[in-house]
Amino acid sequence: MGGVEVSWVLTGWATVVRVAGDVGAVDVAGVGAELRAAWAGAVAGGVVVLDLRDVALLSSHGARLVNRFVAGCARGRVRVCLVLDPGGAAYRVLRITGVSERVPVFADPEAAGAAVGRVVSGR
């Protein structure tokens, strides 16, 4: 996976997946495998937070991978949200491709957690 790092952790409220580096065409297979592993660790009715703030380059192949990941989560009844840097490359690419229009987008995982908490509690 070249210079791409993928890590994920199960928290009390979500599976938080962090991707860092350049997600180009050659990296998609490895990143996809890591995303599928994180998705498999999430439970139906649960939440996956995909944190792309540290993605410096997101190619069209990478955007397609994020789109497939979002769709796969939806089919598996797992809610997904994105954490994006509004000035970052991933934000721009996912806006152009429409992915960020279909799922909630937050500035950091803490904001995503607060929003998920409000939805779960009905506030």
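Arg53 falls short on exactly one of the conditions (1) free of Cβ contacts under 8 Å to residues at least 40 places away in the same chain; (2) not in a helix (DSSP H, G or I), and that condition is (1). Please work out if Asp27 is surrounded by 21 or more Cβ atoms within 10 Å (Cβ to Cβ) and either part of a strand (DSSP E or B) or of a type in the set (Lys, Arg) (or both). Spelling it out, it is not the case that Asp27 is surrounded by 21 or more Cβ atoms within 10 Å (Cβ to Cβ) and either part of a strand (DSSP E or B) or of a type in the set (Lys, Arg) (or both). Counting the residues of segment 75-110 that are closer than 20 Å to Leu10 by Cβ and free of Cβ contacts under 8 Å to residues at least 12 places away in the same chain gives 1. If you check Ala20, Ala71, Ala14 for being closer than 22 Å to Ala107 by Cα and touching an Asp or Glu at 6+ places or on another chain (Cβ under 8 Å), only one passes: Ala20. One residue stands out in segment 60-95 among those that are in a loop (DSSP other than H, G, I, E, B) and of a type outside the set (D, E, K, R): the one that is modelled with the lowest pLDDT, namely Gly76.
The values are calculated or read from the model by the stated rules, or taken from the named source; none is laboratory data. For clarity, every value in this text was computed on a predicted model and none was experimentally measured. Methodologically, a virtual Cβ is constructed for each residue, glycine included, from the backbone with ideal geometry; neighbour enumeration extends over all protein chains shown.
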